[in-house]
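Below: one structure, written as structure tokens.
The values are calculated or read from the model by the stated rules, or taken from the named source; none is laboratory data. Keep in mind that this is a model prediction, so the values were computed, not measured. Every residue, glycine among them, receives a Cβ derived from its backbone with ideal geometry; neighbour counts consider all protein chains shown. Ligands, DNA and RNA are stripped out before the accessible areas are found, and what is left, the full protein with its side chains, is counted by its heavy atoms. Shrake-Rupley method; radii C 1.70, N 1.55, O 1.52, S 1.80 Å.
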Amino acid sequence: MPPPPARTHPNPPLLHLLASHRAPQPLPLTPAHGHLPPRKRPRGVGSAAAPPPPRAAASAEATYSDRSAALRALCSHGQLAQALWLLESSPEPPDEGAYVALFRLCEWRRAVDAGMRACARADAEHPSFGLRLGNAMLSMLVRFGEIWHAWRVFAKMPERDVFSWNVMVGGYGKVGFLEEALDLYYRMLWAGMRPDVYTFPCVLRTCGGIPDWRMGREVHAHVLRFGFGDEVDVLNALVTMYAKCGDIVAARKVFDGMAVTDCISWNAMIAGHFENHECEAGLELFLTMLENEVQPNLMTITSVTVASGMLSEVGFAKEMHGFAVKRGFAIDVAFCNSLIQMYTSLGRMGDAGKIFSRMETKDAMSWTAMISGYEKNGFPDKALEVYALMELHNVSPDDVTIASALAACACLGRLDVGIKLHELAQNKGFIRYVVVANALLEMYAKSKHIDKAIEVFKFMAEKDVVSWSSMIAGFCFNHRSFEALYYFRYMLGHVKPNSVTFIAALSACAATGALRSGKEIHAYVLRCGIGSEGYVPNALLDLYVKCGQTSYAWAQFSVHSEKDVVSWNIMLSGFVAHGLGDIALSLFNQMVEMGEHPDEVTFVALLCACSRAGMVIQGWELFHMMTEKFSIVPNLKHYACMVDLLSRVGKLTEAYNLINRMPIKPDAAVWGALLNGCRIHRHVELGELAAKVILELEPNDVAYHVLLCDLYTDAGKWAQVARVRKTMREKGLEQDNGCSWVEVKGVTHAFLTDDESHPQIKEINVVLHGIYERMKACGFAPVESLEDKEVSEDDILCGHSERLAVAFGLINTTPGTTISVTKNRYTCQSCHVIFKAISEIVRREITVRDTKQLHCFKDGDCSCGDIGYG
């Protein structure tokens, strides 16, 4: 091995030392002779060769000693490359002191490659390590994060002191092997080793990192037993441990009982309050710190600055900004980063941007703070712009940067950028971080690529509650509610769900009409004590409303003490869906009297109720009220409801004029409401005008083509019907298979249009045929006449899958049981007639929730009043 290039050294005697140690060798050690020739190499003790003469032995011993001294000298002068070359070119190992000097130099220089090469040589030359050498190797290896190699060295040490154990305990905790670190601590105690003042901070940090409150309490007892209850460093670690375990009372008790405190003590206690969502208490303690004339350091200022943003008090945040500037922290990058986080927490992205633009030096955290701030404040497009600038400045992102950028992609549906970020995360190894994997799950789910999200989920080594909740919510978002409930049930055996998980699971139950499953989840929520947490009460309301259980929904609504506008909107929409528009209007008046401010969704529900009931005067009053009294600007949905209201009652000209007076450009839904009114009242000319605009806006929408076809059919214009149907065939417009769900005995069954795969399909068809025969006998309209149309709105937009679901319910439930069906399309006239007949013939109550409303069939009548089915 050639030596490193020679360099002039400021200490010439060192070169003389190297030259002098080579002189007595039998063969000179030169760059061309890195080792002794084989014939001259000294043999081992067990060799059969004759021992060297006394003069040669003395010379070899001197050479060995001089070589070790030279290695120590090189290390003391920082000549790492020369020292490593000397080590690897020498035929004999140096002494322990030389190795110790080399390992310490490697550790100080953070020279991982050189340190590992020296470690490998020492490991090969020593069957076991002495205490001094072993500790030097442990210290270096742990500093490099090479915990596996450190464990091998530790295992080869017959003698260990408290330093050896401390290094290993701290090393395991440093790389995240927290349970293993605690296990090592207890092994240390079992070995009879007495901990010292450096042991307990390591162990307590580990307890806080898990977090393990019980273990922390036990270690606290050890602190007192071994007499370290007055050591400031140990007490600081105790404060941090209790704070991270959520026991802020115990942390404060330790802090208040400290006879001597330093800045670290105050920082630990202040940060503990912030971490446990006690921002006011933390800020009060900070003010007390200043009163006691304890000088805050950078860590104090950054911690307090970030927490100031959580109080939502801009004035105090500004004061904190000024205070920190006066204390001389204005140019520090870490402080500027904390300022950005503070202002983004307050939603003041302009101020955050000013801080960012004035920073002379920006690190990855600076860019990440801006990206995260824009994303969390509803500016995902700005977040991606900043990320693009970050790439232009060649700043390497970290895991939080990528997670924030992925969240922005999820909001915007930017699958292209998301895929690139996925590749970057894989290349940098960030994919193993849960925060990045969770962001990928959300991005793929919201981009309608749920199968890709499943793939990411399967390869996650660690899954937390956010991972499972993201998958369950993703399935709901992609209309795969059965899989959402399957994942939820599987999750219960592995991870404890939180309120977000329950909300997603309840949404899946509501989408499929799985009332019994929803009730089970409701009971689980109550047992967990989170029945009033976050959006859970509203999710329960939504479940019962969509499953047609208005009595359950009203009971839940009544006991909900903290109703918000969403709670009122759910109940209003529920009453409207059940055809109870008068009750919805009465509830709205009660809402206003109780001081709840309605929003856009409130008036959409109310205008919908007026439309279905034909209440034109009340509709106009509400439309003007939302602007004049509540300062709500009407959006497209409000105009669509008004056009639908006017069109249904035959005021087509007034509806058309309203569209022309709209201050915003009408969309297909607004014109579609007019087209539907024209179909109802057979106004072909105006209907064709509306259809022309619609097909320009939505040329591939099946529903509008069918609506136009029905307009021509009802008017007897068969040539135009043929033309529209030909256009549909040429465009390949087909509706997805209709699907209906019915819950029987706690199990939800799904039926597709023309489904013949169900095990009871023969029984179902027999029941349906029998119902058709009984309908004829009872004088109902012939079912065949409704089913024999070539291509009708019934066939394309309905699919009749709910007939199979209802028949299955009749077979598998006891007489008198209500049958609840949910479907993914609207209920056609043919099915509507059949269900009215079934409710009268078999004396059953049937509820069918389609995409438009909820129908309650009882004794031959429907809650919708046959509006739209005349």
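Do we find that residue 484 is surrounded by 19 or more Cβ atoms within 10 Å (Cβ to Cβ) and aliphatic (A, V, I, L, M) in this structure? The answer is yes for residue 484.
Cβ separations smaller than 7 Å between residues 6+ apart or across chains give the following pairs from the stretch 440-454 residues that are without any contact (Cβ under 8 Å) to a residue 24 or more places away in the chain to residues that are in a helix (DSSP H, G or I): 452/444; 453/441; 453/444; 453/445; 453/471; 453/474.
Table: residues versus (1) in contact with a strand residue (DSSP E or B) (Cβ under 9 Å, 6 or more places away or on another chain); (2) modelled with pLDDT of 80 or more.
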{"residue": "779", "(1), (2)": "no, no"}
{"residue": "784", "(1), (2)": "no, no"}
{"residue": "855", "(1), (2)": "yes, yes"}
{"residue": "859", "(1), (2)": "no, yes"}
{"residue": "867", "(1), (2)": "no, no"}
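Condition first: out of contact with any Lys or Arg (no Cβ under 6 Å at 6 or more places or on another chain), without any contact (Cβ under 8 Å) to a residue 24 or more places away in the chain and not in a helix (DSSP H, G or I). Can you find one or more residues in the stretch 245-256 that meet it? Checked the stretch 245-256: no residue is out of contact with any Lys or Arg (no Cβ under 6 Å at 6 or more places or on another chain), without any contact (Cβ under 8 Å) to a residue 24 or more places away in the chain and not in a helix (DSSP H, G or I). May I ask you to verify whether residue 529 is over 30 Å from residue 580 (Cβ atoms), small (Gly, Ala, Ser) and open to solvent by 10 Å² or more (accessible area, probe 1.4 Å)? Against the criterion (over 30 Å from residue 580 (Cβ atoms), small (Gly, Ala, Ser) and open to solvent by 10 Å² or more (accessible area, probe 1.4 Å)), residue 529 qualifies. Of the helices (runs of 4 or more DSSP H) contained entirely in the stretch 322-411, those carrying at least 1 residues that are of a type in the set (Gly, Ala, Ser) and open to solvent by 60 Å² or more (accessible area, probe 1.4 Å) fall at 333-345, 349-358.
If the condition is being under 18 Å from residue 826 (Cα atoms), of a type in the set (A, V, I, L, M, F, W, C) and open to solvent by less than 40 Å² (accessible area, probe 1.4 Å), then the stretch 742-760 contributes 742, 751. Of all residues in the stretch 610-628, those being over 15 Å from residue 646 (Cβ atoms) and touching a helix residue (DSSP H, G or I) at 6+ places or on another chain (Cβ under 9 Å) number 2. As a summary of the residue check, residue 592 satisfies the conditions (1) in contact with a Ser or Thr (Cβ under 8 Å, 6 or more places away or on another chain); (2) surrounded by fewer than 17 Cβ atoms within 10 Å (Cβ to Cβ) except for the one numbered (1). Yes or no: residue 357 without any contact (Cβ under 8 Å) to a residue 12 or more places away in the chain, closer than 29 Å to residue 322 by Cα and of a type in the set (Gly, Ala, Ser)? Judged against the criteria, residue 357 is a match. Determine, yes or no, whether residue 239 is at pLDDT 95 or above, farther than 17 Å from residue 268 by Cα and not in a loop (DSSP other than H, G, I, E, B). Spelling it out, it is not the case that residue 239 is at pLDDT 95 or above, farther than 17 Å from residue 268 by Cα and not in a loop (DSSP other than H, G, I, E, B). Taken together, the criteria exclude residue 151 from residues that are free of Cβ contacts under 8 Å to residues at least 40 places away in the same chain, buried (at least 23 other Cβ atoms within 10 Å of the Cβ) and assigned to a helix (DSSP H, G or I). Please work out if residue 763 is assigned by the TED database to the domain that holds residue 819, in contact with a His (Cβ under 8 Å, 6 or more places away or on another chain) and either open to solvent by less than 80 Å² (accessible area, probe 1.4 Å) or acidic (Asp, Glu) (or both). No: the conditions fail for residue 763.
Against the list (1) acidic (Asp, Glu); (2) surrounded by fewer than 17 Cβ atoms within 10 Å (Cβ to Cβ); (3) touching a Phe, Trp or Tyr at 6+ places or on another chain (Cβ under 9 Å), the condition residue 280 fails is (3). Scanning the stretch 786-813 for residues that are at pLDDT 60 or above, of a type in the set (Gly, Ala, Ser) and at negative phi yields a total of 4.
Here residue 434 fulfils each of the conditions (1) within 15 Å of the chain's Cα centre (by Cα); (2) buried (at least 23 other Cβ atoms within 10 Å of the Cβ) apart from (2). The numbered conditions (1) modelled with pLDDT of 95 or more; (2) open to solvent by 60 Å² or more (accessible area, probe 1.4 Å); (3) β-branched (Val, Ile, Thr) are all true for residue 456 except (2).
Residues in the stretch 532-557 that are open to solvent by 60 Å² or more (accessible area, probe 1.4 Å) and farther than 19 Å from residue 500 by Cα: 546, 551, 552, 554.
Note down all Cβ pairs under 6 Å where the first residue falls in the stretch 461-488 and is modelled with pLDDT of 95 or more, the second is charged (D, E, K, R) and assigned to a helix (DSSP H, G or I), and they're at least six residues apart or on different chains. Final answer for the pair search is 470/442; 475/483. Of the listed requirements (1) buried (at least 17 other Cβ atoms within 10 Å of the Cβ); (2) within 22 Å of residue 327 (Cα to Cα), residue 293 misses just one: (1).
Identify all residues within the stretch 68-116 that are outside any helix (DSSP H, G or I) and open to solvent by 50 Å² or more (accessible area, probe 1.4 Å); write none if there are none.
Selection gives 77, 92, 110.
Restricting attention to the stretch 495-534, the residues that are farther than 22 Å from residue 750 by Cβ, touching a residue at least 24 places away in the same chain (Cβ under 8 Å) and outside any helix (DSSP H, G or I) total 8.
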